[in-house]
Amino acid sequence: MNTEVRVNCAPIAAARSEQDQWTGRYVRTLVASDWHPGSFSSPAAVHLAQQFLECARASGDRVVLNGDIFEGLFEPAEQAETAHPVVRDMIAEMTTRGQLFRLAGNHDPDVGRSVFIVDQPKFGRVLISHGHAVDSLHHSRLGQLGDAISRRMGHLVAIRGAARFAERAANAIAGVAIENAFQTRCRALVEQSKCVVGIFGHIHRRYLAPDDAYANAGCLSRTRLEYLILSDDVIQLAHLELGERRLQESRRHACPV
Ligand SMILES: [Mn+2]
């Protein structure tokens, strides 16, 4: 059953500037984040990323890659991108054609801006941001120390393993409390930006709920690529799984305006 629900829309303010908007002929925008492929990644997961881009290119949807697309924290970003030339080149080609926009995450901070606003004609202003800027753990001394160690020594396999373990452990210990704090700060950012809803990444947990200004597109695992579809009047969670040849739209959690 299609349990479509309504988003409680905040008033839509006029856009602040042309620069942070992206309008155009595209009907749908696909938002994906947290792919994290490095030279050590599962080929199957990287193949899913390639398949996702191929589907988007064929369907003519525009794509926002919302941070942590290549692993630039546990190894040099260039090394991660060089390990996956097909995905790297597709991103470059779609960017050049104006079909794809890539935002920075905490694992790939040098790729560009960190906040983007899409103006959907019937839906209103939608904020897209990886969200690490509002993550209290990311800004904590522990988080910054971890990032610094990873950046300096993440290319060493032993350090990389330890750093990844530490990141997972910190998230697991912080758990629900951190996630709730993250969501609350994200909602505040959406309100400040005078947007209807915000699509975030970073915590690797997809989320879309009625009457909630916070949404999360999810992440890429070994068997599944999660993303979010923003169309003229609806937001939907969606995913692509290994073995599937087409992008699958989830039937739940759609939020028409
Ligand atoms: Mn992140």
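Tabulated data
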{"quantity": "Long-range neighbours under 7 Å by Cβ, at least six apart or interchain, first residue within 17 Å of Asn66 (Cβ to Cβ) within the stretch 226-238, second in a strand (DSSP E or B) and of a type in the set (D, E, K, R)", "calculated": "Ile229/Glu249; Gln236/Glu249; Ala238/Glu249"}
{"quantity": "Glu71 vs. criteria modelled with pLDDT under 95 and surrounded by 21 or more Cβ atoms within 10 Å (Cβ to Cβ)", "calculated": "yes"}
{"quantity": "In the stretch 235-249, residue surrounded by the most Cβ atoms within 10 Å (Cβ to Cβ) [restricted to those that are farther than 18 Å from Val63 by Cα and modelled with pLDDT under 70]", "calculated": "Glu244"}
{"quantity": "Single residue of the stretch 84-110 satisfying the filter (of a type in the set (Gly, Ala, Ser) and either more than 19 Å from Arg57 (Cα to Cα) or at pLDDT 95 or above (or both)) that is nearest to the ligand (Cβ to nearest atom)", "calculated": "Gly105"}
{"quantity": "Selected residue (criterion: farthest from the ligand (Cβ to nearest atom)) from residues of the stretch 52-81 that are within 16 Å of the chain's Cα centre (by Cα) and among the aromatic types (Phe, Trp, Tyr)", "calculated": "Phe52"}
{"quantity": "Count of the stretch 111-137 residues which are within 14 Å of the ligand (Cβ to nearest atom), part of a loop (DSSP other than H, G, I, E, B) and modelled with pLDDT of 85 or more", "calculated": "4"}
{"quantity": "Flag if Asp119 is surrounded by fewer than 20 Cβ atoms within 10 Å (Cβ to Cβ), within 14 Å of Leu30 (Cα to Cα) and of a type in the set (D, E, K, R)", "calculated": "yes"}
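The values are calculated or read from the model by the stated rules, or taken from the named source; none is laboratory data. Since the structure is predicted, the reported quantities are computational estimates derived from the model, not experimental observations. Here Cβ is always computed from backbone atoms with ideal geometry, including for glycine, and neighbour counts include all displayed protein chains.
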